1. Can you tell me the 0 to 90 degree angle between the C-alpha axis of helix 107-118 and the longest principal axis of the chain, rounded to 10?
2. Sort the following peptides by mean Cβ neighbour count (other Cβ atoms within 10 Å, averaged over residues), highest first: 242-249, 92-99.
3. Rounded if a/c is under 1.5, else prolate if a/b is larger than b/c, else oblate: which is segment 44-111, with a ≥ b ≥ c the root eigenvalues of its Cα gyration tensor?
4. Which order, highest average first, do 134-140, 267-273, 362-368 follow once you tally other Cβ atoms within 10 Å for each residue and take the mean per peptide?
5. To the nearest 0.05, how large is the calculated FRET efficiency for residue 189 and residue 276 if R₀ is 45 Å and r is the Cβ-Cβ distance?
6. Got a sec? Charge dipole of the chain, +1 on Cβ for Lys and Arg, -1 for Asp and Glu; which of 79, 340, 223 is way out at the positive end?
7. For the Cα atoms of the chain, what angle does the longest principal axis make with the long axis of helix 276-294, in degrees from 0 to 90, nearest 10?
8. Can you pick out the pairs among 322/352; 28/215; 215/324; 36/145; 53/91; 123/249 whose Cα atoms lie more than 22 Å from each other?
Amino acid sequence: MLIKYLQEKLNAQVITVTVDVGQGEDLKAAGEKAKKLGVLKHFSIDAKDEFAKDYIFPAIKANALYEGKYPLSTSLSRPLIAKKMVEIAEKEGANGLAHGCTGRGNDQVRFDITLGSLAPEMKIIAPVREWGLTRDEEIAYAKTKGIPVSDSAKKYSIDASVWGRAIECGLLEDASQAPPEDAYEWTTSPEKAPNTPEIVTITFEAGVPVAVNGKAMVPLALIEEVNKIAGRNGVGRIDHIEDRIVGLKSREVYECPAATVILEAHKDLEKMVMTRHEVLFKQQIDAQWVFLAYAGLWVDPLKDDLDAFINKSQENVTGEVKLKLYKGSLQVIGRSSPNSLYDKNLANYNIKTSFNQSYSKGFIELWGLQTRMYNTLKKASSKKPKAKKA
Ligand code: ARG
């Protein structure tokens, strides 16, 4: 549709790019569809490994959950797609960049800012945003032009990457109603999941997962494996009200099986190896990182600055986390690390250790000094007779 518009209305020679970030799209069919529409050239890029290593892994280190819920499965892929578009546009000598985003979502923000930063000399065109067509009108228009639209695309608006699947529109717009079962494809419904729990162990090295159940894997294969394990146990379904960058609130449904498990495990391991000061401070850094990644500011220098801190903070995040998956629920049930700051003997009430509890009384005396002073003053002033108003 976009192609037809660019050719007919702008008289443009069109080059198309499909970037595979794990959306499960038939890449060959996409290329053939483009060629049928008379594009000058079509490029098909498998970016799944790069996506896993350079986009998802940093998000794991940053415990990235937008508004505490959404693992950024769509958001993270946008700056990578934009980067690939620019690489090809430069190589082919293009003078403009087009994307198919509407004027209501987050993706237009991510594409416009990333494309505009990486290729400031090129014109950015967003025909769908300019048209202002509704989804139904878009589907009807595609029909008149003989452009095929899949059944599921008619029912929901779907976007997927290896890090998860987002489902929007259709019946899901009624935020008071549970998502229909057919919205989900990667996760078994918890009711139908196996009746025995599955235990999975994830090994981390310097903040990133490197093995599942003792088997070493490259980033992409590891994520795919955890997607399968969690998916068959009904783990990873997310339903929340999300604040879009453009101010709208939207009801979002996701299934992010691997992300849900890996992020939970990573956060747990961090708490075992980091000091309390690191844990609390990093929560603020993580929140800022997540916001930038969600809000289209992946290429802002602040993100690099935060990455420098986060990478340094991960040096000790090495160890194993054991999780139990059962009918949609997920629980960490054990963890261990050579860098653990947890010492079972120190915390034990029955053993004499280097933790000298006779110091506790004095510590509390100083720790609560100002709090006690404040409350003592408050009590004294509440007992004083009130001054009469003149
Ligand atoms: N709200 C999410 C985001 O902005 C997901 C959007 C997914 N898009 C879709 N067409 N379903 O990152």
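Just so it is clear, none of the values below were taken in a lab; they were calculated from the coordinates. As the structure is a computational prediction, the values presented were derived from the model and not from experiment. Positions of Cβ are backbone-derived with ideal geometry, glycine not excepted, and every protein chain shown enters the neighbour counts.
1. Taking the Cα atoms of the chain, the angle to 107-118 is about 80 degrees.
2. Per-residue mean Cβ counts within 10 Å order the peptides as 92-99, 242-249.
3. Because a/c hits 1.5 or more and a/b fails to exceed b/c, segment 44-111 counts as oblate.
4. 267-273, 134-140, 362-368
5. After rounding, the FRET efficiency stands at 0.70.
6. After comparing all options, I get 340.
7. For helix 276-294, the angle is close to 20 degrees.
8. Beyond 22 Å between Cα atoms: 322/352; 28/215; 53/91; 123/249.
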